[in-house]
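The values are calculated or read from the model by the stated rules, or taken from the named source; none is laboratory data. Because the structure is a prediction, the values reported are computed rather than measured. Note: accessible area is taken over every heavy atom of the protein model, side chains too, but ligands, DNA and RNA are not part of it. Shrake-Rupley method; radii C 1.70, N 1.55, O 1.52, S 1.80 Å.
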Amino acid sequence: MHAFYFGSPERRLFGQFHPAVHRRSPAVSLLLCNPFGQEAVRVHRIYRVLAERAARSGMAVLRFDAYGTGDAAGGDTEGTLAGWAEDVVTASRELTDRAGLSHLVWLGARLGATTALQASVLPKRRPDDLILWEPVVDGPAYRKTLSRGLADALQFSLDAPEPALRARLARGGPELEREGIGFELGPVLLGELEALSAARLPLPRAGRCTWIHDGQDPAVAPIVARWRAGGLQVAEEQLHHGFDWVAEEALNSALVPAEVVQRLSALVARQP
């Protein structure tokens, strides 16, 4: 694995490149797009194991931190959905420069899947395969999920009485609105999340798309139907896991769910 910075001087991104152990035919490259905050913490080890397995199978893989996240430049409040979509394009170009022309796969989880979807309509070199793992399609609902996670984290850390804590969170306020369980949300990102809805999702531009979900989200079926009507080849995959995406306990978890990695590896390995 090679760690390095890339992108423009004004927008430095941090990447971890896993070169293919051997050359597949046809060649395949995999770009892994991080989610936000605690979800990125949760998925970090999963992505690492997935990248290592993919590299051993003959794929070139790039993991990266978008602007304002992880080890990339920028502060928490500078991250935006639009900017992160551009970062996906920049990272994809970096992967192609390092790996050469190949069958290009983008895989994103949660908000990383959302920004990968949005990025697919931007570049000239679009992904051949777009794999979306539980993308965030309802921004206000996602904000509520973060608020719930914040309440759980505060109650656990401070042993605060739950009714009083929930009432405080319900009243809101500028500080609580910006809180993403240890990661601050900037005003632009807050506005983008407020406007994010299934109806406003663009039709992805990719050779084909795979939507991974747990079978419980009623929003998936109408979106997939609309995309298919628009001419996109879309497959659905159900993947059940036992972890909470936004649980703060992810920070101290060394375990990688074996079934999750196996299913994701299988989806990636079948490309092209």
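Could you look at the range 1-120 and say what percent of its accessible area is carbon and sulfur, using a 1.4 Å probe and all protein chains?
Values: 2070 of 4300 Å².
Roughly 48 percent of what the probe reaches on the range 1-120 is carbon or sulfur.
State the percent of C-alpha pairs, over all pairs in the range 2-149, separated by a distance greater than 25 angstrom.
Details: 2422 of 10878 pairs.
Value for the range 2-149: 22 percent of Cα pairs lie more than 25 Å apart.
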